[in-house]
1. So which residues in the range 207-230 are buried (at least 17 other Cβ atoms within 10 Å of the Cβ) and part of a helix (DSSP H, G or I), if there are any at all?
2. One residue is enough: does the range 74-90 have a residue meeting the conditions more than 15 Å from the chain's Cα centre (by Cα), small (Gly, Ala, Ser) and surrounded by 18 or more Cβ atoms within 10 Å (Cβ to Cβ)?
3. Name the residue that is surrounded by the most Cβ atoms within 10 Å (Cβ to Cβ), counting only residues in the range 180-196 that are at pLDDT below 95 and over 15 Å from Ser217 (Cβ atoms).
4. Here are some conditions: (1) touching a residue at least 12 places away in the same chain (Cβ under 8 Å); (2) under 30 Å from Ser9 (Cβ atoms). Leu117 meets all but one. Which one does it not meet?
5. What are the residues in the range 231-242 that are within 17 Å of Asn211 (Cβ to Cβ) and either in a loop (DSSP other than H, G, I, E, B) or free of Cβ contacts under 8 Å to residues at least 40 places away in the same chain (or both), if any?
6. Is there a residue being surrounded by fewer than 23 Cβ atoms within 10 Å (Cβ to Cβ), in a loop (DSSP other than H, G, I, E, B) and modelled with pLDDT of 95 or more anywhere in the range 121-133?
7. Quick test of your reading of the structure: Cys147 fulfils all but one of (1) touching an Asp or Glu at 6+ places or on another chain (Cβ under 8 Å); (2) part of a helix (DSSP H, G or I). Name the failing condition by number.
8. Please work out which one of (1) modelled with pLDDT of 95 or more; (2) assigned to a loop (DSSP other than H, G, I, E, B); (3) closer than 23 Å to Ser165 by Cα; (4) not hydroxyl-bearing (Ser, Thr, Tyr) is the condition Asp11 fails and give its number.
Amino acid sequence: MSDARRITSRDNSVFKALRALVADPRRHGRTLLDGVHLVTSCFARGIAVKQLLVSESGQRNAEIVTLLQGAGTVECVVLRDSLFREISGVSTPTGIAAVIDIPPVASGELTGDAVLLDAVQDAGNVGAILRSTAAAGVRDVLLGPGCAGAWTSRVLRAGQGAHFSLAIREQVDLAAVLATCSGISVATVARGGVSLHELDLTGPTLWLVGNEGAGLSAELIAAAKVRATIPLASGTESLNVAAATAVCLFEARRQRATILKTNRPAQGGPERNLKR
């Protein structure tokens, strides 16, 4: 780690630049990864860290000390605890953060599965959806207008490193994407759709996920090839949007695993299944 610069004043130009970056990551082309887990994931994946931020109290944290020792020549800035909290946005931060470049926006046509978010506004929901998407093995996520920014600190914290496994596009015209993509497009609706479990999800699937309150726009519902509803217990109305997305993605994963298992040739010859 390079020699640390210390900042104790809100009037410091470096601190002002950090506040501006946190307020609008996309405009500055950089974002802030806050916390030991995200910073560790960043180094583990070989992502270039432009700057490390450490709180004064964080310098006494054993995990943070270890991270700093392995940081090489990365510039390090030590912030007074109150200043670090202001940058972090949480009341009790762990005391370390990293500034990285936002990856280039993905381009090209979609060829496999994808998740399309229509005005999903809550940062926690967007981050949780990204986390489930990565866990389900889906790579492409498209955010339409009105969504929480994918590279904001709150979404990054909720995503827990999922961003590094995904190709993320923001401010996308989702209707235009549906008009050009092959495969099945599934509009998730709270009621009135085909049961999720009756759909054949073994091929490429575009999942359309809507706003927490209003759901999907009428335009996108009309443009989708299928409307799907998750069967719920009697007396319940709906699932949280992040939970519903996870259910859909893992139903598709389950169906494909079943197909693979059914088509897999027997191992070890015909005698493998004989009783002994």
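1. Leu220, Ile221, Ala223
2. Our first condition is that a residue be more than 15 Å from the chain's Cα centre (by Cα); within the range 74-90, this holds for 74-90.
Narrowing the set further to residues that are small (Gly, Ala, Ser) leaves 82, 88-89.
Now drop any that are not surrounded by 18 or more Cβ atoms within 10 Å (Cβ to Cβ), which leaves 88.
Taking every residue of the range 74-90 in turn, at least one turns out to be more than 15 Å from the chain's Cα centre (by Cα), small (Gly, Ala, Ser) and surrounded by 18 or more Cβ atoms within 10 Å (Cβ to Cβ).
3. Of all residues in the range 180-196, those at pLDDT below 95 come to 180-184, 190-192.
Those still in the list that are over 15 Å from Ser217 (Cβ atoms) too: 180-184, 191-192.
On the way: Thr180: 8, Cys181: 16, Ser182: 11, Gly183: 15, Ile184: 19, Arg191: 10, Gly192: 8.
Checked the range 180-196; the qualifying residue surrounded by the most Cβ atoms within 10 Å (Cβ to Cβ) is Ile184.
4. (2)
5. Going through the range 231-242, the residues within 17 Å of Asn211 (Cβ to Cβ) turn out to be 237-242.
Correct list: Glu237, Ser238, Leu239, Asn240.
6. Yes, the range 121-133 contains a residue that is surrounded by fewer than 23 Cβ atoms within 10 Å (Cβ to Cβ), in a loop (DSSP other than H, G, I, E, B) and modelled with pLDDT of 95 or more.
7. Going through (1) touching an Asp or Glu at 6+ places or on another chain (Cβ under 8 Å); (2) part of a helix (DSSP H, G or I) one by one, Cys147 breaks only (2).
8. It fails just one condition, (3).
The values are calculated or read from the model by the stated rules, or taken from the named source; none is laboratory data. Owing to the predicted nature of the structure, the values given are computational and were not obtained by experimental measurement. Glycine also receives a Cβ, built like all others from the backbone with ideal geometry; neighbour counts cover every protein chain displayed.
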